[in-house]
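The values are calculated or read from the model by the stated rules, or taken from the named source; none is laboratory data. What you see is a predicted model, and the numbers here were worked out from it, not measured in a lab. Here the Cβ positions follow ideal geometry from the backbone for every residue, glycine too, while neighbour counts run over all protein chains shown. These accessible areas exclude ligands, DNA and RNA; they are computed on the full protein's heavy atoms, side chains included. Shrake-Rupley method; radii C 1.70, N 1.55, O 1.52, S 1.80 Å.
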Amino acid sequence: MKLLKFYASWCGPCKQQTKLINEYLKTHDLKILEIDVDSEDNEALVSQYGVQHLPTMILLNDDDSIKKEFSGLTLMEEIDKAIKE
């Protein structure tokens, strides 16, 4: 399972989300791919997943199918619950 985190450097809630994720990673193992929406290199991924709000996080199953999407600042408890479902 992995988490795609779509963010922008200027986004305040994205910075808060990063702090929450980093705290979570101290006690949990989760692969996270951080995707800067302002980078031209990531335009295809932003479009593919239809990202319109920041931060957006998408939890992917091992086969890369979408398990759950989160939009806006999200508590890690909510993400952890989705992981365990």
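Worth pointing out:
- Restricting attention to region 38-47, the residues that are open to solvent by less than 100 Å² (accessible area, probe 1.4 Å) and farther than 15 Å from Lys5 by Cβ total 2.
- Of all residues making up region 48-85, the number that are within 18 Å of Glu23 (Cα to Cα), open to solvent by 80 Å² or more (accessible area, probe 1.4 Å) and in contact (Cβ under 8 Å) with a residue 40 or more places away in the chain: 2
- Subset of region 16-37 (residues that are more than 13 Å from the chain's Cα centre (by Cα), over 21 Å from Asp62 (Cβ atoms) and either touching a residue at least 24 places away in the same chain (Cβ under 8 Å) or buried (at least 16 other Cβ atoms within 10 Å of the Cβ) (or both)): Glu23
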